[in-house]
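Notes to accompany the following structure.
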Amino acid sequence: MWYLACNYLDGNGLPKDYKRAEKLFIQAIERGNEPARIDLARMIFHGLGTVQDPQKAYEIIKPCLEQGYGRAYMLMGEVYENGLGVEKDYKQAKELYRKALDLGYSFAQEALDRLDKFC
């Protein structure tokens with residue numbers, strides 16, 4: 001369910017369909033798929049097919065942060081780097097990217113390298 005939702009979200013082999021992706025992410029979460037929380041929160045932080053609502057997105061992703069999902073910290077770094085419903089804060093973004101990297105999410109290094117050019 002989560003994998004199918006990701007394909008609808010990104011248009012991988014299927015037409016982009018945000019409403020279908022959202023519905024499938026919710027169903028996956030209800031069945032215990034915690035990574036689906038990260039992708040649903042990403043939709044809400046970006047306002048993809050829904051109203052941008054950073055508070056709601058944070059509440060959705062919060063359990064993944066508490067459980068130490070590196071990808072969740074990566075998304076929160078993106079939120080602060082790009083000002084997705086919050087004020088841009090590169091220092092906070094870097095801290096979140098570092099946490100993601102510490103948790104084994106290697107893609108965070110690219111984000112840290114990018115931010116090192118700005119601050």
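The values are calculated or read from the model by the stated rules, or taken from the named source; none is laboratory data. Here the structure is a predicted model, which is why all the values come from computation and not from measurement. All Cβ positions, even for glycine, are placed from backbone atoms using ideal geometry, and neighbour counts span all protein chains on display. Note: accessible area is taken over every heavy atom of the protein model, side chains too, but ligands, DNA and RNA are not part of it. Shrake-Rupley method; radii C 1.70, N 1.55, O 1.52, S 1.80 Å.
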The range 53-119: relative contact order from alpha carbon pairs under 8 Å, six or more residues apart, as a whole percent, is 27
So which GluC sites (Glu not before Pro) in the range 1-100 pass both tests, a DSSP loop state and at most 15 other Cβ atoms within 10 Å of the Cβ?
87
Sorted by chain and number, the residues with a modelled amide H under 5 Å from that of residue 68, at a separation of 5 or more or across chains, are none
Residue-wise, which Karplus ³J(HN,Hα) couplings in Hz belong to the range 28-34, taking 6.51 cos²θ - 1.76 cosθ + 1.60, θ = phi - 60°, and x for glycine or proline?
5, 4, 4, 9, x, 7, 5
Students sometimes get this wrong: rank 60, 26 by accessible area, probe 1.4 Å, all chains present, largest first.
26, 60
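Please go through the range 32-119 and write out the trypsin sites (Lys or Arg not before Pro) that DSSP classes as loop and that have at most 13 other C-beta atoms within 10 Å.
88, 117
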Bounding extents of the chain in its principal axis frame from Cα atoms, largest first in Å, are 39, 28, 25
Using only protein heavy atoms and a 1.4 Å probe, report how much of residue 14 is accessible, in Å² to the nearest 10.
50
Would you mind calculating the relative contact order of the chain from Cα pairs under 8 angstrom and at least 6 residues apart, reporting the percent as a whole number?
15
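Any chance you could run the full-extension gain for residue 34 through residue 88? It's 0.36 nm times the residue separation minus the Cα-Cα distance, nm to one decimal. Working shown, then result.
Details: separation 54, 0.36 × 54 = 19.44 nm, distance 2.69 nm.
The residue 34-residue 88 span can extend by a further 16.8 nm.
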